[in-house]
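What follows is a set of notes on a single structure, which appears directly below.
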Amino acid sequence: MLTERQGERLLDWLDAVRQDDLPSLHTLAAGIDRDREAITAGLTLPWSSGVVEGHVNRIKCSRARCSGAQASPSSASASCWQADSFPDRPSAEIMVDMKNRSGQNTSDDSSVSQTKWTEEIDLQTINAAGLVHHVTICLSDPSTALIALIDAHSRTEFSGTDYLDCLSQARRQLELDGRLLCCQGARPNVHPSGQLRQFTNGRQAYVRHSEPRSEGTETVDIFAPAPTGDVVTLDDQRAAIISSWNARHPGNQI
């Protein structure tokens, strides 16, 4: 399969692995099956990002080591976390991120360099009583994966490994206030594969349908608006994804 690009043989290989009494390989097969479409493409198509990803990982590790060496004991963990995800951002922004994770407003911190916001998206939130509020999501450059949630008179920034991570943090904060964010990324049947998440910095996700569709795989922008009746909480979304997986893979339950 690897040397002759015979990706069509992957299903037969996975079946053979599951029939063998090798628990460690069963775990490997389960992981492959979760992202089977992408792995089949990788085994079939001549293109690969492996060399580039190797260099990116090497650079990230090098910068993380440098940041950790310069950090004070009290901020070492925050700096190392930040260096891995955002190696090009200054230490002042690192501290802002950590404050935001604690729910503190940093709009008055003039010592922090201005973030370059590249996009604004108007969305709605809805609570259990059906009351709708309008919020704005600001997106930074994809290389930093930073978003700002502007809600009434408050503004909170969220940083993470990618856009999906940032969106999940924003949704969790709104859920604490009893509200759901009405975006495509909050639908119960929307979830990315690992490869799609990496290639789009978490901006795109697949729409998982209960039945195969002739038109192929559908992807959506996780920040695109969604009807108020289509969105759920983070926990309900996760439960729906697991249920969908188990229904499609009865012999490999999560």
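The values are calculated or read from the model by the stated rules, or taken from the named source; none is laboratory data. Small disclaimer: the values here were computed from a predicted structure and weren't measured. With ideal geometry, Cβ positions are generated from the backbone for all residues, glycine too; neighbour counts draw on all protein chains shown.
Looking only at region 212-227, decide whether some residue is touching a Phe, Trp or Tyr at 6+ places or on another chain (Cβ under 9 Å), part of a loop (DSSP other than H, G, I, E, B), modelled with pLDDT of 85 or more and not acidic (D, E). Among the residues of region 212-227, at least one is touching a Phe, Trp or Tyr at 6+ places or on another chain (Cβ under 9 Å), part of a loop (DSSP other than H, G, I, E, B), modelled with pLDDT of 85 or more and not acidic (D, E), which makes the answer yes.
When region 147-171 is filtered for residues that are touching a residue at least 24 places away in the same chain (Cβ under 8 Å), touching a helix residue (DSSP H, G or I) at 6+ places or on another chain (Cβ under 7 Å) and aliphatic (A, V, I, L, M), the ones remaining, listed by number, are L149, L164, L167.
Within the bounds of region 79-88, is there any residue that is among the hydroxyl-bearing types (S, T, Y) and either modelled with pLDDT of 65 or more or assigned to a helix (DSSP H, G or I) (or both)? Yes, some residue in region 79-88 is among the hydroxyl-bearing types (S, T, Y) and either modelled with pLDDT of 65 or more or assigned to a helix (DSSP H, G or I) (or both).
Report whether or not G68 is surrounded by 12 or more Cβ atoms within 10 Å (Cβ to Cβ), out of contact with any Asp or Glu (no Cβ under 8 Å at 6 or more places or on another chain) and either modelled with pLDDT of 80 or more or not assigned by TED's automatic domain parsing to the domain that holds G194 (or both). Taking the combined requirement at face value, the residue satisfies it. Looking across region 120-152, the residues that are under 18 Å from T200 (Cβ atoms), assigned to a loop (DSSP other than H, G, I, E, B) and either outside the structural domain of V190 (by TED's automatic domain parsing) or not charged (D, E, K, R) (or both) come down to P142, S143, T144, A145. Please determine whether any residue of region 26-41 is modelled with pLDDT of 80 or more, farther than 28 Å from T200 by Cα and either β-branched (V, I, T) or outside any loop (DSSP other than H, G, I, E, B) (or both). Yes: region 26-41 contains one or more residues that are modelled with pLDDT of 80 or more, farther than 28 Å from T200 by Cα and either β-branched (V, I, T) or outside any loop (DSSP other than H, G, I, E, B) (or both). The condition (being in the same structural domain as G130 (by TED's automatic domain parsing), closer than 28 Å to A41 by Cα and either crowded, with 20+ Cβ neighbours inside 10 Å or not small (G, A, S) (or both)) is satisfied by just one residue among R171, R179, R197, R155: R197.
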